[in-house]
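Asks: My questions will all concern the structure given below.
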Amino acid sequence: MIDLAPRPGDTVTFPQRSIPLSSVRSILLIKLADALETENDSISTPTPPVLRMATLGTRSEIEQLLEPFNTAADGSSNGHGVLHGPGIIAQLPMVGDDEPISQLLVTLNDESAAWPVLERLCRVLGWKMMDPQSGRTFG
């Protein structure tokens, strides 16, 4: 089997420019569900809390939610599910327009432009950013 996975130092080509792979960062946008306490929950539980995600919305709802943040499809016929914004490329899962989506993969191609937009987006929409490598949530 041939391994085609990119390695650090490889170059990823975007339509506008080439970016070294080591400088490309990806995060997930998620929405945390309210934790429901039950009779069995206690403060002294030795197991770590489980990350409970709520849906962000449907594909069409998410596209409408991201429009005020200057993030939208580029209008090409082959860009279905890819939204472009300031310093980011957001990839929607391949689902129907009315199916729920619980996470959004975002690639940062210009961090200085991306972070202010992502922070505002998370604050306004009540979403969180999650590092897919460590699982840490922030924002």
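Asks: With respect to the numbered conditions (1) modelled with pLDDT under 75; (2) touching a helix residue (DSSP H, G or I) at 6+ places or on another chain (Cβ under 6 Å); (3) among the aromatic types (Phe, Trp, Tyr), which one is the sole condition not fulfilled by Phe69?
Replies: (1)
Asks: All but one of (1) in contact with a Ser or Thr (Cβ under 7 Å, 6 or more places away or on another chain); (2) within 25 Å of Arg52 (Cα to Cα) hold for Arg120; state the number of the condition that does not hold.
Replies: (1)
Asks: Hey, does region 95-104 have a residue that's touching a residue at least 60 places away in the same chain (Cβ under 8 Å) and of a type outside the set (A, V, I, L, M)?
Replies: yes
Asks: Right, here's the next one. Quick check on my filter: what residues within region 90-124 are buried (at least 17 other Cβ atoms within 10 Å of the Cβ) and not in a strand (DSSP E or B)?
Replies: Leu92, Asn109, Ala114, Val117, Leu118, Leu121, Cys122, listed by residue number.
The values are calculated or read from the model by the stated rules, or taken from the named source; none is laboratory data. Model, not experiment: these values are computed from the prediction. Please note: Cβ atoms are built from the backbone with ideal geometry, for glycine as well, and neighbour counts cover all protein chains shown.
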